[in-house]
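The structure appears right after this line, and notes come after that.
The values are calculated or read from the model by the stated rules, or taken from the named source; none is laboratory data. This one's a predicted model, so the numbers in the text were calculated from it and none came from an experiment. Because the Cβ atoms are built from the backbone with ideal geometry, glycine has one as well, and the counts that use them run over all protein chains shown.
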There are 2 protein chains.
Amino acid sequence: MESRLEEQYLREYDPSQFDRPSVTVDILVFTICQKKLCALLIKRDMPPFIGKWAIPGGFIKMNESADQAAARKLKEETGIEGVRLEQLYTFSAIDRDPRTRVISIVYFAAVPYDKLKFGAGSGVKSAELFTVGQIQGDSVSGPPEETDDNDASDILLTGRNGEEIAITDIAFDHATIIRYAVRRMRGKLDYTELGFDFLKDSSAFTLPELREVYEAVLDRPLDAGNFRRTILMKYVSGGRVRQVGIQKESVGRPAAVYSRTT
Amino acid sequence: MESRLEEQYLREYDPSQFDRPSVTVDILVFTICQKKLCALLIKRDMPPFIGKWAIPGGFIKMNESADQAAARKLKEETGIEGVRLEQLYTFSAIDRDPRTRVISIVYFAAVPYDKLKFGAGSGVKSAELFTVGQIQGDSVSGPPEETDDNDASDILLTGRNGEEIAITDIAFDHATIIRYAVRRMRGKLDYTELGFDFLKDSSAFTLPELREVYEAVLDRPLDAGNFRRTILMKYVSGGRVRQVGIQKESVGRPAAVYSRTT
DNA sequence: TTGATTATAGTCGCTTTGACTATAATCACA
DNA sequence: TGTGATTATAGTCAAAGCGACTATAATCAA
């Protein structure tokens, strides 16, 4: 298929003729803990931003796509694997990293709480969960606004032990990224199957469990009956989800158990 | 704010320690011509993919953000400026460019037809408009599927003079990109103000004109009355758009002229 | 058996939406 | 100066969607 001209060109092509920015991937892991939406951050143990909280990530290698790099870094830094990663946005402001020019392709993932590994023995850096608070300007659309609307007084995250994390405690432009990711996730919740990714076992879940996911992500209570009606309409009627049994051991009436069809 | 350790680290940081992929921006320009949604492509005049059609784009410079690079390349390659660019997705498959590892941050823009410059004297490479055909799997959500679903028999584009462009006539992975962009655009049409970007003059347009935009993008006729009701509800009631006059010189009843409030 | 608890089912009214009909404002032309 | 063609705008109607609410069902504990 290639002409001789093409072949010659490819042989002689010199990739070093242009300066190139570094390219990283960052992976924002969301989970649900104590009925609240939480984000996983890592405390930086080296400059820049030493001591601040950051989204896990790292440099992309020459022999892997960004998707592959994201999966690799996620596993390396948090031990999580086998989850669906979704590309969020690419951040490229020239001064977003004080070291050098770094462009970051950011992914996010919805992960069930029991897939997270913490503490000693996990071989994983000091990662911690933070509850996501109110996001201002909670509209679905619009770009992430890389402009510096980072107001230090604005509380975005709260540690699991209650301490509040100000914007200034977050490294790089990661506060902006978190805000944007939360907005996107809330928006996508009701026209994608994103919510299922939070389930411990999407082949055996109840509608109340799924509703808890939605309530945590949206940060507001949902009517049980209406939620049921909607999910049944959207997924069960269409065959994407089917009932596979009845819950055992429950307080109150046992719920029907559903499974997502692969 | 920086500690002494941070300063020292930054002084000693060596950015050459990692291999880095090239980073480009590509800009997919959509417009509406003869009531059809069209994409602007450029015929490649050098390898690789010489003679094939490609989305305008180029390398990002070290002193500009991807947004800035996209605006610059758009102007350089098509003469278009002053339009809103929206980031679509970042494509990073390792073999997507035969020369070397290239990661491309893709943008798209909705541009009124009269902003396009063609032919001699424009100082612009041979650009041409192609009508967008049916996109298979026309759902809104989901990733762009970089997997090779590029079926050569699938007609994606049609030249303005009628010739059909097969997938194999499109350079790089740009067919995938176009498909994904069209899907996204159709999805965003009714929950963003994207449609207005196609208008020649968003401070003096009629609802029938706006409806033509929607019909072209969605590729189906819309009921005039219902469209009017919806737009009035969404934008005029909310103050985003207001009536500023009545159309002159029309066949049939003259339409009201509206303006988008800045 | 009773009450507490929780899932599921059903009702009601309001809003949205698609299809359709009616009316209004212009022009061309006899 | 009508009259019809043309196109914008207005209104109607029924079905679907959705939030709030009530009713019922299935379990457990006492």
Quiz item: Can you name every residue in the stretch B:222-262 that is in a loop (DSSP other than H, G, I, E, B), within 15 Å of DNA strand C (Cβ to nearest atom) and either within 14 Å of chain A (Cβ to nearest Cβ) or of a type in the set (D, E, K, R) (or both)?
Solution: B:D223, B:G238, B:K248, B:E249, B:R253
Practice problem: Among the candidates B:R240, B:R228, single out the residue that is among the basic types (K, R) and free of Cβ contacts under 8 Å to residues at least 24 places away in the same chain. | Solution: B:R228
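Return yes or no: is A:R186 within 14 Å of chain B (Cβ to nearest Cβ), within 16 Å of DNA strand D (Cβ to nearest atom), more than 28 Å from A:T90 (Cβ to Cβ) and in contact with an Asp or Glu (Cβ under 8 Å, 6 or more places away or on another chain)?
No, not satisfied.
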Exercise. Identify the single condition in (1) loosely packed, with under 15 Cβ neighbours inside 10 Å; (2) away from every other protein chain (no Cβ under 14 Å) that A:V111 does not satisfy, given that it satisfies every other one.
Key: (1)
Quiz item: In the stretch B:59-68, is there at least one residue being buried (at least 22 other Cβ atoms within 10 Å of the Cβ), in contact with a Phe, Trp or Tyr (Cβ under 7 Å, 6 or more places away or on another chain), closer than 24 Å to B:K115 by Cβ and modelled with pLDDT of 95 or more?
Solution: no
Exercise. Enumerate the pairs (first residue in the stretch B:77-91 and in the same structural domain as B:L28 (by TED's automatic domain parsing); second residue anywhere and in a loop (DSSP other than H, G, I, E, B) and among the basic types (K, R)) with beta-carbon separation below 9 Å, excluding pairs fewer than 6 apart on the same chain, so at least 6 apart or on different chains.
Key: B:E77/B:K125; B:T78/B:K117; B:T78/B:K125; B:G79/B:K117; B:I80/B:K117
Quiz item: Just wondering, is there one or more residues in the stretch B:209-220 that are within 15 Å of DNA strand C (Cβ to nearest atom), within 14 Å of chain A (Cβ to nearest Cβ), under 25 Å from the mean Cα position of the chain (by Cα) and modelled with pLDDT of 95 or more?
Solution: no
Practice problem: Tell me which residues, restricted to the stretch B:46-87, are closer than 21 Å to B:I167 by Cβ and more than 10 Å from chain A (Cβ to nearest Cβ). | Solution: B:K52, B:W53, B:A54, B:I55, B:P56, B:G57
Quiz item: Could you list, in sequence order, the residues of the stretch B:203-221 that are within 12 Å of DNA strand D (Cβ to nearest atom) and either assigned to a helix (DSSP H, G or I) or of a type in the set (S, T, N, Q) (or both)?
Solution: B:T206, B:L207, B:P208, B:E209, B:L210, B:R211, B:E212, B:E215
Quiz item: Across the stretch A:222-254, what is the total count of residues that are touching a helix residue (DSSP H, G or I) at 6+ places or on another chain (Cβ under 6 Å) and near DNA strand D (Cβ under 10 Å from one of its atoms)?
Solution: 3
Quiz item: Hey, among A:F196, A:F205, which residue is surrounded by 16 or more Cβ atoms within 10 Å (Cβ to Cβ) and within 13 Å of DNA strand C (Cβ to nearest atom)?
Solution: A:F205
Quiz item: Which of (1) surrounded by fewer than 20 Cβ atoms within 10 Å (Cβ to Cβ); (2) touching a helix residue (DSSP H, G or I) at 6+ places or on another chain (Cβ under 9 Å); (3) farther than 28 Å from B:A71 by Cα is the odd one out, the single condition A:P56 does not satisfy?
Solution: (1)
